[in-house]
1. Conditions first: (1) more than 20 Å from A133 (Cβ to Cβ); (2) in a helix (DSSP H, G or I); (3) in contact (Cβ under 8 Å) with a residue 12 or more places away in the chain. R96 passes all but one, so which condition is the exception?
2. Go over the candidates A446, A421, A450 one by one and state the one that is part of a strand (DSSP E or B), away from ligand 2 (no atom under 16 Å from the Cβ) and under 32 Å from the mean Cα position of the chain (by Cα).
3. So which residues in the stretch 62-92 are outside any loop (DSSP other than H, G, I, E, B), surrounded by 13 or more Cβ atoms within 10 Å (Cβ to Cβ) and away from ligand 1 (no atom under 16 Å from the Cβ)?
4. Starting from residues that are assigned to a loop (DSSP other than H, G, I, E, B) and under 24 Å from the mean Cα position of the chain (by Cα), keep the ones in the stretch 501-546 and report whichever is nearest to A470 (Cα to Cα).
5. Could you please let me know if E277 is farther than 22 Å from V254 by Cβ and surrounded by 21 or more Cβ atoms within 10 Å (Cβ to Cβ)?
6. Quick check, is V171 within 30 Å of D286 (Cβ to Cβ), modelled with pLDDT of 95 or more and within 13 Å of the chain's Cα centre (by Cα)?
7. Kindly check whether there is at least one residue in the stretch 290-304 that is part of a strand (DSSP E or B), surrounded by fewer than 16 Cβ atoms within 10 Å (Cβ to Cβ) and within 16 Å of ligand 1 (Cβ to nearest atom).
8. Evaluate the stretch 384-400: report whether one residue or more is under 27 Å from the mean Cα position of the chain (by Cα), crowded, with 16+ Cβ neighbours inside 10 Å and assigned to a strand (DSSP E or B).
Amino acid sequence: MASNAERHAALVREIEAHNYRYYVLDDPAVSDADFDALLRELREIEAREPALATSASPTQKVGGEVRAGVVKVKREHRMFSLDNAYSAEDMGEFVRRVREGLSDADVPRFCVEPKLDGASVEVVYDGGVIVQATTRGDGETGEDITENVRTIRGVPGTIPHTGKLTVRGEVVIFRKDLEVMNREREAEGLEPFANPRNAAAGAVRMMDPREVARRPLRALFYQAVEVEQRCDTHGAALAWLAELGLPTHRKEVVVPWDGVMAAIGAIDAARRDYPYETDGAVVKVDSFRQQAILGFTSKFPKWAVAYKFAAERATTVVRSIEINVGRTGALTPVAILDPVELSGTTVSRASLHNADQIRELDLRVGDRVVIEKAGEIIPQVLEVETSARTGALEPFAMPDTCPACGTKAVSRLLEEDRAEATLRCPNRNCPAQVMAKIHYFARRFAMDVASLGLVLVQQLVDAGMVRDVADLYVLDATRVASLDRMGKKSAENVIASIAASRERTLDRLLCGLGIPQVGQVAARQLAEEGETLERMLSWSPEDLRQHAGNIRGFGPKMVDSIAQFFADPVERSLMQKLVELGVGRPQPREAPAPEGPLTGSSFCVTGVLSRKRDDVHADLKARGATIHESVKKGTTYLVAGEKTGKTKLDQAKKHGTKVITEAELTELLGA
Ligand code: AMP
Ligand code: ZN
């Protein structure tokens, strides 16, 4: 039988391979549950033999100890910045200088690749494991972020190369992940990130690796340092990194000098479909030998240049600055603009974040401004054309009071003894906050009550019919019908759709309540732990802390926030009311299998099959079978498709599981 260490090593290899398929190729070979099962087994082995839980283990992706402070590290090889090019002429100039630097017969080829817009990192592997990761810093020295980088999924903790290997790349956040993350931030009462770059750059330097682990960071490597011994060209080095299981962008092309502009154009045309932001193309002399001949200036390599794509910008006039009151009371200034076209949409509002930003921009009502769609998400005011100012414009001042309820605005104290830049309305009964809370509760990712749009919520709050989300469930149809633009029929529809939301599961309910720090993902984890709201309310504060603290990835800040929310008398009585009103269903565990010919047998399906694995699972379940995500004690059958891993077969042997082919399965299903 395999020793713990052997089984551990095999599992690590399998998990890293799945991570690569998932995070790099975007082509997972197993279900999330399958993957979790592998990770669980790894954790079990490490619990038995803690020495195996090294920092390189995939179990350590949840993050370790909080850093004590910023540690600067001088790196072995300097990280250079890149010279920029903005036009075909600039590129022509670059190519000419390269050719001048080489002998006439030594014709260069160029590697053209996307310029990834994130935060640069350098990662050093030695003995096959990560020994150091740093930010670029000033090039010579960077900040030690080793623990943070270890948490990034898709960055393998181990690689099959035992010598020292230094790689550089960009930590990025995929656009789709940022969307989810921003919704989470909204749930936490935080400002959304304007673009993935800021989000990635902020996350990669955080002091608490467990927090970092919660961010959807990815890394894509674009350079291997001093690998001339092994590869002749940059392109070959990128291919080698991919072979080692390191994530690379895999979008490089190598072309002769007269193909460079076309290659750049191709990246520009395709980049909106890339999952990450690309702000340009990097053109590098492909041959390492030629790179060495060309050398460096004091700032840049002479063998590379960054071609920057023009950002999508427009100019318009700020007509007014409105103050928006958020769910958590945050007062956010919003610029109301003369409508203008920007990357295919009409923009008439731009976020201004807070008073500090307005001051920094020196933005005044009436100013002509340049706006940019940073990361193609929220339009930002980039700069004010102060030279275009005619006449005296008043500097903008944030109001002292909440525009919705007149309460004096305050700013929260942050940990570091400095107040945050955001002003808040402290009045919990502030109509704007009440409205935002109710609207949030009804949103798609929470209780999903489509009929409760902003306008209707506003009407209900203004009419005094709804003061909190519990009031929604006791609305009176005749009173709702009396509202403007409502009729009997639509009022009934609204009430029916609210009533239907009683059936939402606990995760949606918890999400809709807007517990600070708890977004969609955390709400689901919390719901699985809590099962019902009633049960959660029955917990003592200590029990609650214990339960929340047991959840994977919940750090002390989250636990504090949840504990505070549940201790708050107003929130408690609201939750109590919801329980009494029968809102929310218990969080489902595994659905019980129906009775059928296969009742009593369990199946683990693996490898490549002719049909989708989910469909096979569905067929099995419909016949009463239980699905096991991994082969364990009591698994009756292992359905081994093509390329079934040896570990699965070993497990089957160990547990006396019968191994069958897909054809045999089809027979069983037919019977
Ligand atoms: P800049 O920060 O404008 O000087 O541009 C140089 C930076 O671009 C490098 O330090 C890298 O962090 C980043 N970069 C992004 N993608 C690439 C790439 N494919 N090749 C080289 N550098 C890249
Ligand atoms: Zn207010």
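1. All conditions pass for R96, except number (3).
2. Just a single option satisfies the conditions, and that option is A421.
3. V62, K72, V73, A88, G92
4. Filtering the stretch 501-546 for residues assigned to a loop (DSSP other than H, G, I, E, B) gives 504, 514-519, 531-532, 539-540.
If we keep only those that are under 24 Å from the mean Cα position of the chain (by Cα) as well, we get 514-519.
Numbers: G514: 14, I515: 16, P516: 19, Q517: 22, V518: 20, G519: 20 Å.
If we take residues in the stretch 501-546 being assigned to a loop (DSSP other than H, G, I, E, B) and under 24 Å from the mean Cα position of the chain (by Cα), then G514 is nearest to A470 (Cα to Cα).
5. yes
6. For V171, the condition - within 30 Å of D286 (Cβ to Cβ), modelled with pLDDT of 95 or more and within 13 Å of the chain's Cα centre (by Cα) - is met.
7. Checking the stretch 290-304: at least one residue is part of a strand (DSSP E or B), surrounded by fewer than 16 Cβ atoms within 10 Å (Cβ to Cβ) and within 16 Å of ligand 1 (Cβ to nearest atom).
8. Here is the first cut: in the stretch 384-400, the residues under 27 Å from the mean Cα position of the chain (by Cα) are none.
Checking the stretch 384-400: not a single residue is under 27 Å from the mean Cα position of the chain (by Cα), crowded, with 16+ Cβ neighbours inside 10 Å and assigned to a strand (DSSP E or B).
The values are calculated or read from the model by the stated rules, or taken from the named source; none is laboratory data. All figures in this text were calculated on a predicted structure; none of them were measured in a lab. Here the Cβ is made from the backbone with ideal geometry for all residues, glycine too, and neighbour counts use every protein chain on show.
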